[in-house]
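Below: one structure, written as structure tokens.
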Amino acid sequence: MARAIWKGAISFGLVHIPVALASAVRSQRIDFDWLDQRSMDPVGYKRINKVTGKDVTKEDIVKGVEYEKGRYVVISEEEIRKARPEATQTIDIFSFVAADEIPLQHFDTPYYLAPDKRGGKVYALLRETLESTGKVALATVVLHTQQHLALLRPLEDALVLITLRWPDEVRGIDSLELDSSVTQAKVAKGELEMARRLVDDMSGKWTPDKYQNVFRQTIMDLVEEKASKGKISVVEQGEESSGKGADIIDLTELLKRSLGGKAAKSATKKEAAPAKKKAPARKTPRKAS
């Protein structure tokens, strides 16, 4: 199983589902590090003033945001820390929308979600609910000190979380400035039929194992060849810490409270005394969120 990079809970209404987040993709990009050929020591980027060409010490560097061309507003480290979202261990669902409503250009990074602790049944309930309704869940989540807009959707037996780009990060189609040759194109019936036949002739099944990054494969073959001759470099990688999961309580009761339905209200009126005894259970999910 893929290593969990984050642990917490999915939250909607008063329902909490303990989950573990694992990356659904892995980078296969080749990173070329700079090395000093005389000693094979790593070479880093120098802090240099781009105007004078002189070195700048770490103490003299501040962070600024360009307000106008050539004019910057300096933001302190303390101000940046205060502006960062509070790190929580919750995927907060705030809405459900039709699965086909979100344009593809808003999609960013996919992650797999697995149930954690005793969350299997509630996890399955959310998955089946999304599957049967054709909906996806919109949520916010904080990953690596950054707040993300995200969606949750079913994938076979699992749930997938996909981070979304914020609306102001996505350019509209009108930025292409398509002219009338595209927007008002008149396609002949014969041309369309031939194009469809060509698509049919070239159609096949999705077979990802057949698709390869030729450049990467060429470089890696070269790396293997050189490594066989003893030219090997070792890079140490650190590990990320993960947070604690959240406990769950009776699902049926939480769903009733979240819906605020008649059944929950009538039960409260008839059994006033038991309702007071259950008060601690009512606080539990709020504290976990």
*asked:* Could you report the range 139-233's accessible area per residue, 1.4 Å probe, as an integer in Å²?
replied: 84 Å²
*Given labels modelled 7 Å from the Cα in the Cβ direction, how far is it in nm from TYR67 to ILE219?*
4.2 nm
_How much length would be gained if the chain were fully extended between HIS144 and ALA158, taking 0.36 nm per residue of separation minus their Cα-Cα distance, in nm to one decimal?_
2.7 nm
*So how much slack lies between LYS210 and THR52, counting 0.36 nm per residue of separation and subtracting their Cα-Cα distance, in nm?*
51.7 nm
_Per residue value of the accessible surface for the range 53-113 (all protein chains in place, 1.4 Å probe), Å²_ = 81 Å²
*With r defined as the distance between the Cβ atoms of SER132 and VAL170 and R0 fixed at 25 Å, what FRET efficiency is calculated, to the nearest 0.05?*
0.25
*Extension reserve of the ASP100-LYS121 stretch, reckoned as 0.36 nm per residue once the Cα distance is removed*: 4.9 nm
*Evaluate E = 1/(1 + (r/R0)^6) for GLU253 and ARG81, where r is the Cβ-Cβ distance and R0 equals 30 Å; express this FRET efficiency to the nearest 0.05.*
0.15
*Lys/Arg +1, Asp/Glu -1 at C-beta; the range 57-165 dipole; positive extreme among PRO154, ALA99, THR88*: THR88
*Ignoring ligands, DNA and RNA, what percent of the accessible area of the range 126-183 is carbon or sulfur (1.4 Å)?*
49 percent
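The values are calculated or read from the model by the stated rules, or taken from the named source; none is laboratory data. Note that the structure is a prediction, hence the values are computed from the model and not measured. Note that each Cβ is placed from the backbone with ideal geometry, even for glycine, and that neighbours are counted across all protein chains shown. The accessibility values were calculated without ligands, DNA or RNA, using every heavy atom of the protein model including side chains. Shrake-Rupley method; radii C 1.70, N 1.55, O 1.52, S 1.80 Å.
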